[in-house]
Amino acid sequence: MTAEDWIARLQLEPHPEGGYFRRSYTAGLTLLLPDRAGPRPAATAIYYLLKSGQRSRLHRLKSDELWHFYTGSPLTVHVLDGEGQYAARSLGSDPTLGQQFQLSISAGCWFGATVDDPTGFSLVGCTVAPGFDFADFELADQVALIRQHPQHAELVERFGCCKHGRDV
């Protein structure tokens, strides 16, 4: 199946960070968290598809996120933690190449993703706990993030989102 076939079959829609998504699960249990305005589901899950040439722009969440590989090309998740340490993590089906079926991203880390195959796509799942809410989602301000981590300016420029709130 092609990326377009999966987008149609799974009824995916464009995601603000790039790529396509659809929520597939919302836990019935809700949580009241001291650092959030309003309740959050205990967990949520989405299908997420990224085509080659697209990128998941740098963003961070207030919750942990677990990525699951389903099909297509391996995907590289680029992570910048709170101390400014960078890691490129491979999500895919071949452990002999250092790929993992699942990757966890800790709350507060900046991260984005790219498809490894220049002609492919990656279909993955993302589970967030406590559950995802757009109020807990932040796209990177490119200028501010470069100021904070100048050693990663190239990464931020490649995956960054916004210059002072404007898309780039």
- line: Distance in Å, no decimals, from the C-alpha centre of the range 2-44 to the one of the range 51-94 is 16
field: Simple label model, 7 Å out from Cα along Cβ direction - Phe137 to Asp94, nm
entry: 3.2
field: Phi to ³J(HN,Hα) by Karplus 6.51 cos²θ - 1.76 cosθ + 1.60 over the range 85-90, Hz, x for Gly, Pro
entry: 7, 9, 9, 9, 10, 9
query: Which whole-Hz ³J(HN,Hα) couplings does the range 136-142 yield from phi under the Karplus relation 6.51 cos²θ - 1.76 cosθ + 1.60, θ = phi - 60°, glycine and proline marked x?
result: 9, 10, 10, 7, 5, 8, 4
- request: Just check the range 38-87 against the gyration tensor rule for me: Cα atoms, a ≥ b ≥ c as the square roots of the eigenvalues, rounded for a/c under 1.5, and otherwise prolate or oblate depending on whether a/b exceeds b/c.
  value: oblate
message: Cut-off is 10 Å between beta-carbons; in what order do Arg57, Arg23 appear when sorted fewest neighbours first?
response: Arg23, Arg57
task: Show that you can apply the helix-only estimate: for the chain, add -39,500 (n - 2.57) for every DSSP H stretch of four or more residues, divide by all residues, and state [θ] at 222 nm to the nearest 500.
output: -3000 deg cm²/dmol
- prompt: Rounded if a/c is under 1.5, else prolate if a/b is larger than b/c, else oblate: which is the range 88-152, with a ≥ b ≥ c the root eigenvalues of its Cα gyration tensor?
  reply: oblate
- line: For Ala42, placing the label point 7 angstrom along Cα-to-beta-carbon and taking the range 129-162, residues whose amide nitrogen sits under 12 Å are 130-131
- request: Indicate the gyration tensor shape class of the range 2-101 (rounded, prolate or oblate), computed on the Cα atoms with a ≥ b ≥ c the square roots of the eigenvalues: a/c under 1.5 is rounded; otherwise a/b larger than b/c is prolate and the rest oblate.
  value: oblate
field: Cα-Cα separations in the range 24-67 greater than 13 Å, expressed as whole percent
entry: 69
- prompt: Calculated from the structure, semi-axes √(5λ) of the Cα gyration tensor in Å equals which of (i) 25, 18, 17; (ii) 23, 22, 15; (iii) 33, 16, 15?
  reply: (ii)
message: Just to confirm a number: summing +1 for Lys and Arg and -1 for Asp and Glu over residues other than Gly120 whose beta-carbon lies under 15 angstrom from that of Gly120, what do you get?
response: -3
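Read-outs throughout are calculated quantities, based only on the coordinates presented, and are distinct from any laboratory measurement. Keep in mind it's a predicted model, so treat the numbers as computed, not measured. Every residue, glycine among them, receives a Cβ derived from its backbone with ideal geometry; neighbour counts consider all protein chains shown.
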